[in-house]
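Here's the structure, in structure tokens; my notes come after.
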Amino acid sequence: MKTSLEAFLFLLTCFIVSCNIINPKESIPTYIQIDSVRLIPTVPATHGTVSHKITDVWVYYERELLGAFELPARVPVLAKDRGQLQVIGGIWDNGLSGTRAKYPFL
């Protein structure tokens, strides 16, 4: 009886103390909302039409990929300071929704 009580108290102590070790304080992300992508040609006569089928955005922060997000997107960014944010338009590769790619011509 004494060993089972000691074992129970030991396990209880481990669970109570270990919560802070397993779950450290987490930083709160900043969210960036991207609703749509709009193309603005620099020379309309040379670049042609502004029609497009941009369905995704590939988001980089400080040259590190945060992910590819389907539009409209809410992108979480874990950053403490200002930095460079790069957004690249994405399309369905070969028209398939399961294969997404960055659009190389933007």
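Let's see how each residue does on (1) modelled with pLDDT of 80 or more; (2) exposed (fewer than 10 other Cβ atoms within 10 Å of the Cβ); (3) under 24 Å from the mean Cα position of the chain (by Cα):
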| site | (1), (2), (3) |
| --- | --- |
| ILE16 | no, yes, no |
| PRO24 | no, yes, yes |
| SER27 | yes, yes, yes |
| THR30 | yes, no, yes |
| VAL37 | yes, no, yes |
| HIS52 | no, no, yes |
| TYR60 | yes, no, yes |
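Could you give me the residue pairs with C-beta distances under 6 Å whose first residue belongs to the stretch 61-82 and is farther than 25 Å from THR99 by Cα, whose second residue is in a loop (DSSP other than H, G, I, E, B) and hydroxyl-bearing (Ser, Thr, Tyr) wherever it lies, and which are 6+ apart or on separate chains?
LEU78/SER27
Check off (1) closer than 28 Å to THR42 by Cβ; (2) assigned to a helix (DSSP H, G or I) for ASN94 and give me the number that stays unchecked.
With (1) closer than 28 Å to THR42 by Cβ; (2) assigned to a helix (DSSP H, G or I) applied to ASN94, the lone miss is (1).
Would you mind telling me which numbered condition in (1) at pLDDT below 85; (2) at positive phi; (3) not acidic (Asp, Glu) GLY67 fails?
Tallying (1) at pLDDT below 85; (2) at positive phi; (3) not acidic (Asp, Glu), GLY67 fails exactly one: (1).
Please specify each residue of the stretch 68-94 satisfying the condition of being loosely packed, with under 12 Cβ neighbours inside 10 Å and within 22 Å of ARG38 (Cβ to Cβ).
Those that are loosely packed, with under 12 Cβ neighbours inside 10 Å and within 22 Å of ARG38 (Cβ to Cβ): GLU70, PRO72, ARG74, GLN84.
The values are calculated or read from the model by the stated rules, or taken from the named source; none is laboratory data. Quantities reported herein were computed from a predicted structural model and do not represent experimental measurements. Don't worry about glycine lacking a Cβ; one is built from the backbone with ideal geometry, like all the others, and counts go over all protein chains shown.
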